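Visitor: Once you've had a glance at the structure underneath, I'll fire off some questions.
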There are 2 protein chains.
Amino acid sequence: MKKENLDRTTIKTIAKAAGVSHTTVSRALNDSPLVKPQTKLKIKRLADEMGYIPDINAKGLVSNKAYVVGIYFSRLQSGTSSNFLAESIRQVKKLLADYTLAINGIDLMPNENAMLRNGKPDGALFISQCENDDSYIQHMRDNGVPVVVINRKTKVAGVTNVVPDEYHGVFQAIEYAIRLGHKKFGLIKGTPKFTSTHYREQGFRDAIAKHPEAKVVEQAVIDGNYSRESGFHAMNKILMNSEFPSLVFCSNDETAAGAIKSCQKFGLQVPTDISLMGFDNADYAKFMVPGLTTIYKPVDEITRIGVEQLKDLMEGNSKSDQALKKIVTTELIIRDSVADLR
Amino acid sequence: MKKENLDRTTIKTIAKAAGVSHTTVSRALNDSPLVKPQTKLKIKRLADEMGYIPDINAKGLVSNKAYVVGIYFSRLQSGTSSNFLAESIRQVKKLLADYTLAINGIDLMPNENAMLRNGKPDGALFISQCENDDSYIQHMRDNGVPVVVINRKTKVAGVTNVVPDEYHGVFQAIEYAIRLGHKKFGLIKGTPKFTSTHYREQGFRDAIAKHPEAKVVEQAVIDGNYSRESGFHAMNKILMNSEFPSLVFCSNDETAAGAIKSCQKFGLQVPTDISLMGFDNADYAKFMVPGLTTIYKPVDEITRIGVEQLKDLMEGNSKSDQALKKIVTTELIIRDSVADLR
DNA sequence: GAAATGAATGTTAACGATAACATAATATTA
DNA sequence: TAATATTATGTTATCGTTAACATTCATTTC
């Protein structure tokens with residue numbers, strides 16, 4: 001005596017109810033032109049009434065798909081600002097409505113294999129900040145998953161890569177400050193292992209090196225980690241030194257927010273007593289006091305291009321077999337945190 | 001002639017290579033005691049060498065599991081602060097390492113059915129802010145998915161529910177202000193449809209009503225939507241009125257940050273000229289200028305309890321058949337944004 | 001009106017894993 | 001040493017779906 005599975009609606013249940021074969025049901029629900037419109041309608045209505053939910057595992061087993069796109073952050077638990085995390089997720093989710101969006105943090109994985117423990121996604125979007133990620137990216141690729149890396153240049157060969165031009169963004173921002181008469185510069189760096197930290201510092205230094213009248217106050221170059229706390233503490237150090245920069249470049253807006261707090265503590269007015277700059281143009285930058293002069297990192301655009309590319313790869317429409325490498329320009333957003341010293 | 005699938009390692013491929021049956025391979029990889037240790041070792045090594053990745057769909061088909069937990073926000077695209085979004089995700093991800101974490105926004109779904117389009121999760125955590133969600137919660141339950149709702153009281157029957165005590169949190173905060181000598185109160189409300197908006201306003205009003213010496217300045221009760229912008233604009237309105245409250249309660253910290261900016265614009269010092277309070281104790285509240293007095297909403301604890309409950313439900317260990325209803329107390333965090341008028 | 005066409009549906013075999021039920025191989029007992 | 005446990009392995013069915021390959025039935029064609 002075979003046990004009838006009464007508590008679940010499958011295409012076979014529907015088939016029995018409709019008096020057709022399960023294949024016909026499958027065809028009807030997939031809008032196959034092989035089924036008579038009338039039959040199709042009846043089956044669809046029945047499926048609806050019976051509360052049919054297709055079994056994604058069975059579908060996936062046949063089609064060898066997971067209906068999942070994985071999004072991988074370098075650091076989910078710390079070192080990534082909430083703003084960036086949330087904005088990235090929002091944007092990806094909006095653009096990938098048809099897929100289940102699985103959030104991952106490379107910092108939570110003991111090793112590369114952990115990435116595929118819960119199954120292979122149909123595509124992987126790495127929102128990468130860290131060189132460490134490359135072995136994970138490589139592993140994903142090796143396992144045949146379409147991969148796109150955004151936010152940071154990857155060394156993994158043949159991977160589609162969309163990144164902001166952080167170097168020139170900072171370079172131009174510093175030149176702007178120099179034009180306003182700034183001569184002595186400080187820097188609060190980002191998380192040591194992040195590539196952005198390196199590029200932003202390089203843009204900072206190269207811009208200053210280009211102008212003989214300007215110089216880096218090395219005492220006022222302090223390590224940080226992109227957090228508000230680190231900005232606060234770094235600025236405390238800078239302000240306790242003897243030699244005082246007229247402008248401190250903060251490697252992101254969070255850091256700048258912490259730095260402002262420190263200035264306040266020391267009774268210094270921004271930008272009257274000291275000027276600050278950030279990076280990112282986080283949503284709160286314009287609501288800071290004073291409004292923060294910063295560099296707009298086009299997160300949305302980068303993400304959009306990245307997701308579009310990933311979709312193309314997943315659907316096998318990639319026009320060229322040459323992986324796209326795209327650098328998106330940043331933009332200086334001038335507000336009130338940099339004094340005009342002329 | 002059967003086509004050999006050469007480009008994929010399955011248990012059958014491994015079986016052939018090891019000279020055993022595929023069942024033995026399955027058993028070995030699942031650490032069954034039925035397999036000789038020696039055989040087991042050989043198979044595991046082989047699986048490793050061959051880069052075997054189990055097919056999650058096949059597994060799931062047999063076990064009727066998805067290995068996915070869905071997390072559902074009322075609003076993913078707007079109306080939810082980045083801070084809250086990111087913190088919730090971080091916390092859930094940390095506690096649910098064994099599952100794929102699928103992010104969803106109810107605002108992105110045309111209707112209840114859309115929720116299950118991409119398959120049923122093994123469990124659903126609703127981080128709910130809005131009464132609208134109830135029909136979605138109900139639908140999920142109706143389809144047999146274990147459900148936990150956190151952050152907001154749900155009316156759906158029999159659902160595990162963990163929420164903060166917003167009402168008393170605000171009530172006590174306002175009484176604290178009254179003790180400091182505040183008598184005239186303003187309020188910037190949250191997103192109209194959110195239940196938190198209602199409870200926070202009620203706590204605010206009831207606390208003031210209890211003390212005859214204090215009163216609500218109705219001109220200074222302004223709608224908002226939990227965003228910095230709304231705080232800024234609402235405060236602008238309040239400050240252009242004739243009757244001036246001594247303290248404005250902002251329905252969350254974001255709002256408070258916008259309100260401070262507005263005060264600055266009007267040349268008012270917080271708390272010397274006007275006092276502010278927030279709600280949430282967002283990570284940046286202590287770095288605001290001045291440090292924001294606010295109400296700590298124990299997001300981490302609420303999430304932790306919620307996830308633990310969900311795990312129990314998914315694993316069928318729920319001790320009682322009575323759904324847990326838990327209210328977690330908030331805590332007043334005193335900083336520098338409320339003046340002592342005594 | 002038989003043969004050929006085509007539309008609609010049915011039968012059966014995958015997909016890759018687990019699980020129930022054999023069976024073979026070895027160890028234990030009488 | 002034969003009978004019997006015990007241990008290790010193999011065979012086959014199954015999950016719910018799609019897809020390849022029949023088959024049926026009505027319609028057109030000559």
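Values quoted throughout were computed directly from the atomic coordinates according to the rules given, and no laboratory measurement underlies them. Just so we're clear, the structure is a prediction, and the values are computed from it rather than from any experiment. Backbone-built Cβ (ideal geometry, glycine too); neighbour counts: all protein chains shown.
Visitor: Listing A:Ser32, A:Ser230 from the residue with the fewest other Cβ atoms within 10 Å to the one with the most, what is the order?
Guide: A:Ser32, A:Ser230
Visitor: Restrict the search to region B:253-322; then list the trypsin sites (Lys or Arg not before Pro) that DSSP places in a loop and that have at most 12 other Cβ atoms within 10 Å of their Cβ.
Guide: B:Lys319
Visitor: Follow-up question, since we're still on this one. Pop out the ³J(HN,Hα) list for region B:147-155 in order, Karplus 6.51 cos²θ - 1.76 cosθ + 1.60 with θ = phi - 60°, rounded to Hz; leave Gly and Pro as x.
Guide: Karplus values, whole Hz, x for Gly and Pro: 10, 10, 10, 10, 5, 8, 5, 9, 8.
Visitor: Right, next: Output ³J(HN,Hα) for region B:29-40: one whole-Hz value per residue in order, computed from phi by the Karplus curve 6.51 cos²θ - 1.76 cosθ + 1.60 with θ = phi - 60°, and x for Gly and Pro.
Guide: Values, residue by residue: 5, 9, 6, 6, x, 6, 9, 4, x, 4, 4, 4 Hz.
Visitor: Where the label is 7 Å out from Cα toward Cβ, how close does B:Lys65 come to the same position in every other copy, in nm, shortest first?
Guide: Output for B:Lys65: 2.6 nm, nearest copy listed first.
Visitor: Given springs between every Cα pair under 10 Å in a Gaussian network model of chain A, which of A:Ala323, A:Ala220, A:Ala157 has the largest fluctuation?
Guide: Between A:Ala323, A:Ala220, A:Ala157, it is A:Ala157 that shows the largest mean-square fluctuation.
Visitor: I need the GluC sites (Glu not before Pro) found in region A:203-272, filtered to DSSP loop residues with at most 15 other beta carbons within 10 Å of theirs.
Guide: Taking region A:203-272 and a limit of 15 other Cβ atoms within 10 Å, the loop GluC sites (Glu not before Pro) found are A:Glu213, A:Glu243.
Visitor: Let me ask another. When only DSSP loop residues count, what trypsin sites (Lys or Arg not before Pro) in region B:57-156 have their Cβ near at most 13 other Cβ atoms within 10 Å?
Guide: Here the sparse-neighbourhood loop sites are B:Lys155.
Visitor: Within 11 Å, Cβ to Cβ, of A:Asp31, how many net charges do the neighbouring residues add up to if Lys/Arg are +1 and Asp/Glu are -1?
Guide: Around A:Asp31, the charge tally is +3.
Visitor: Rounded to the nearest 20 Debye, what is the dipole magnitude of region A:281-342 about its Cα centre when Lys and Arg each give +1 and Asp and Glu each give -1 at the C-beta?
Guide: For this selection, approximately 160 debye.
Visitor: Now for a separate question. Compare the Cα positions of B:Phe194, A:Ile295, B:Phe266 along the charge dipole of the protein assembly as shown (+1 at Cβ of Lys, Arg; -1 at Cβ of Asp, Glu; about the Cα centre) and return the one farthest towards the positive end.
Guide: In the protein assembly as shown, that residue is B:Phe194.
Visitor: Let me ask something additional. Given label points at 7 Å from Cα along Cα→Cβ, what nm distances, shortest first, separate A:Asp142 from the same residue in every other copy?
Guide: Distances between equivalent label points, in nm: 4.8.
Visitor: Tell me the angle of helix A:299-314 to the major Cα principal axis of chain A, expressed in degrees between 0 and 90 and rounded to the nearest ten.
Guide: 30
Visitor: Can I ask one more? If you place +1 on the Cβ of every Lys and Arg, -1 on the Cβ of every Asp and Glu, and leave all else neutral, what size is the dipole of region B:11-54 about its Cα centre, to the nearest 20 Debye?
Guide: 140
Visitor: Below 29 Å, Cα to Cα, which lysines can A:Lys16 reach? Residues fewer than 8 away in the same chain don't count.
Guide: A:Lys2, A:Lys3, A:Lys36, A:Lys40, A:Lys42, A:Lys44, A:Lys59, A:Lys65, B:Lys59, B:Lys65, B:Lys120
Visitor: Going by Cα centres, region B:170-230 and region B:69-124 are how many Å apart?
Guide: Here the answer is 31 Å between Cα centres.
Visitor: For B:Pro37, place a label point 7 Å out from Cα along the Cα→Cβ vector, do the same in each other copy, and report the separations in nm, one decimal, smallest first.
Guide: The projected label point of B:Pro37 is separated from its counterparts by 7.0 nm.
Visitor: Along the charge dipole of chain A, Cβ charges K/R +1 and D/E -1, which of A:Leu324, A:Ala97, A:Val159 sits furthest on the positive end?
Guide: A:Ala97
Visitor: Right, here's the next one. For chain A, just run the numbers: alpha carbon Rg, then divide by 2.2 N^0.38 Å, N being how many residues it has.
Guide: Against the compact-globule rule of thumb, the ratio is 1.32.
Visitor: Tell me whether region A:166-297 comes out rounded, prolate or oblate; compute the Cα gyration tensor, take square roots of the eigenvalues as a ≥ b ≥ c, and use a/c under 1.5 as the rounded threshold.
Guide: Rounded is the answer for region A:166-297, as its axis ratio a/c remains below 1.5.
Visitor: Rounded to the nearest whole Å³, what is the per residue volume of the convex hull around the Cα atoms of the protein assembly as shown?
Guide: Cα-based convex hull of the protein assembly as shown, divided per residue, equals 205 Å³.
Visitor: Give me the dipole magnitude in Debye, nearest 20, for the protein assembly as shown about the Cα centre, with unit charges on the beta carbon: positive for Lys and Arg, negative for Asp and Glu.
Guide: Dipole magnitude for the protein assembly as shown comes out near 2080 debye.
Visitor: To the nearest 500 deg cm²/dmol, what mean residue ellipticity at 222 nm is calculated for chain A from DSSP H runs of n ≥ 4 alone, each contributing -39,500 (n - 2.57), summed and divided by the residues?
Guide: -12000 deg cm²/dmol
Visitor: Within a Cβ distance under 12 Å of B:Gly203, other residues only, what is the Lys/Arg minus Asp/Glu net charge?
Guide: Neighbour charge sum, excluding B:Gly203 itself: -2.
Visitor: Taking amide H positions as placed 1.01 Å from N in the peptide plane, with prolines and chain starts having none, which residues 5 or more places from B:Ile295, or on another chain, fall under 5 Å of its amide H?
Guide: Distant-sequence amide H within range of B:Ile295: B:Gly278, B:Phe279, B:Asp280, B:Asn281, B:Ile333.
Visitor: Shifting gears a bit: Could you work out the mean count of beta carbons from other protein chains within 10 Å of each residue's beta carbon in B:97-103?
Guide: 6
Visitor: Rank B:Thr100, B:Thr24, B:Thr294 by mean-square fluctuation in a GNM of chain B with C-alpha springs under 10 angstrom and give only the top-ranked residue.
Guide: Looking only at B:Thr100, B:Thr24, B:Thr294, the biggest GNM fluctuation is shown by B:Thr24.
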